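Enquirer: One structure, pasted below without further comment.
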Amino acid sequence: MAKDDEVILLGFWPSMFGVRPRIALDEKEVAYEYREEDFMGNNKSSLLLQMNPIHKKIPVLIHNGKPICESFIAVEYIDEVGKDKAPLLPSDPYERAQARF
Ligand SMILES: N[C@@H](CCC(=O)N[C@@H](CS)C(=O)NCC(=O)O)C(=O)O
């Protein structure tokens, strides 16, 4: 991701799904804004509903205004966009399949 890109992550602290893209962003040393969702108060943000209208779930990665939903899809997206730094998946197709599993 380019230095001036806007990266926002919608999350919920107890969620292991939410931790996946956070680890990926940290590995790639991407600066991002983390926004905590208020699921305890049953109060989803309008940004979450707008960015993930189908499942209304976190995590949602928002890259320059465009949403990427589903934790593993977000991890792969972060890996592809930042392919010059700290690869997250093996280069070998079989090992990559194993890692995805
Ligand atoms: N398959 C999804 C699962 C995401 C998920 O289940 N998120 C939960 C938090 S752990 C959520 O947003 N729940 C809100 C709800 O169900 O209303 C992923 O990997 O991102």
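The values are calculated or read from the model by the stated rules, or taken from the named source; none is laboratory data. This structure is a prediction, so every number in the text was calculated from the model and none was measured. Because the Cβ atoms are built from the backbone with ideal geometry, glycine has one as well, and the counts that use them run over all protein chains shown.
Enquirer: Would you pick out the residues in the stretch 24-50 that are closer than 28 Å to A86 by Cα, part of a helix (DSSP H, G or I) and in contact (Cβ under 8 Å) with a residue 12 or more places away in the chain? Break it down into steps so the answer makes sense when it comes.
Expert: Let us first name the residues in the stretch 24-50 that are closer than 28 Å to A86 by Cα, namely 24-36.
From what's left, part of a helix (DSSP H, G or I): 24-27.
Scanning the stretch 24-50 gives A24, L25, E27.
Enquirer: Now for a separate question. Any residue in the stretch 75-90 that is aromatic (F, W, Y) sitting within a Cβ distance under 6 Å of a residue that is surrounded by 16 or more Cβ atoms within 10 Å (Cβ to Cβ)? List the pairs, counting only those 6 or more apart or interchain.
Expert: Here the result reads Y77/I68, each pair linking the stretch 75-90 to a residue that is surrounded by 16 or more Cβ atoms within 10 Å (Cβ to Cβ).
Enquirer: Taking the stated definitions as given, is M16 exposed (fewer than 15 other Cβ atoms within 10 Å of the Cβ), within 12 Å of the ligand (Cβ to nearest atom) and at pLDDT below 95? Outline the logic, then answer.
Expert: Working: exposed (fewer than 15 other Cβ atoms within 10 Å of the Cβ): yes; within 12 Å of the ligand (Cβ to nearest atom): yes; at pLDDT below 95: no.
Criteria not met by M16.
Enquirer: Please work out if I73 is surrounded by 12 or more Cβ atoms within 10 Å (Cβ to Cβ) and either under 24 Å from F101 (Cα atoms) or touching a Cys at 6+ places or on another chain (Cβ under 9 Å) (or both). Break it down into steps so the answer makes sense when it comes.
Expert: Details: surrounded by 12 or more Cβ atoms within 10 Å (Cβ to Cβ): yes; either under 24 Å from F101 (Cα atoms) or touching a Cys at 6+ places or on another chain (Cβ under 9 Å) (or both): yes.
Answer is yes for this residue.
Enquirer: Would you pick out the residues in the stretch 52-66 that are within 12 Å of the ligand (Cβ to nearest atom) and on the phi < 0 side of the Ramachandran plot?
Expert: Residues of the stretch 52-66 that are within 12 Å of the ligand (Cβ to nearest atom), as a first pass: 52, 54-61.
Within the stretch 52-66, N52, I54, H55, K57, I58, P59, V60, L61 meet the criteria.
Enquirer: Then there is this: Hey, C69 hits all of (1) within 11 Å of the ligand (Cβ to nearest atom); (2) touching a Lys or Arg at 6+ places or on another chain (Cβ under 7 Å) but one; which does it fall short on?
Expert: Checking C69 against (1) within 11 Å of the ligand (Cβ to nearest atom); (2) touching a Lys or Arg at 6+ places or on another chain (Cβ under 7 Å), the one that fails is (2).
Enquirer: When the residues of the stretch 78-101 are filtered to those that are within 16 Å of the ligand (Cβ to nearest atom) and touching a Leu at 6+ places or on another chain (Cβ under 7 Å), which remaining residue is farthest from R20 (Cα to Cα)?
Expert: Among residues in the stretch 78-101 that are within 16 Å of the ligand (Cβ to nearest atom) and touching a Leu at 6+ places or on another chain (Cβ under 7 Å), the one farthest from R20 (Cα to Cα) is A99.
Enquirer: Determine which single condition E37 fails, assuming it passes every other condition in (1) of a type in the set (D, E); (2) near the ligand (Cβ under 8 Å from one of its atoms); (3) loosely packed, with under 13 Cβ neighbours inside 10 Å.
Expert: (3)
Enquirer: Right, another one. Restricting to the stretch 61-82, and then to whatever is among the aliphatic types (A, V, I, L, M) and in a helix (DSSP H, G or I), can you tell me which residue is nearest to S46 (Cα to Cα)? Full working, then the answer.
Expert: Step one: of the stretch 61-82, the residues among the aliphatic types (A, V, I, L, M) are 61-62, 68, 73-75, 78, 81.
Going one step further and asking which of them are in a helix (DSSP H, G or I), we end up with 73-75, 78, 81.
Working: I73: 22, A74: 20, V75: 24, I78: 24, V81: 27 Å.
Here the residue is A74.
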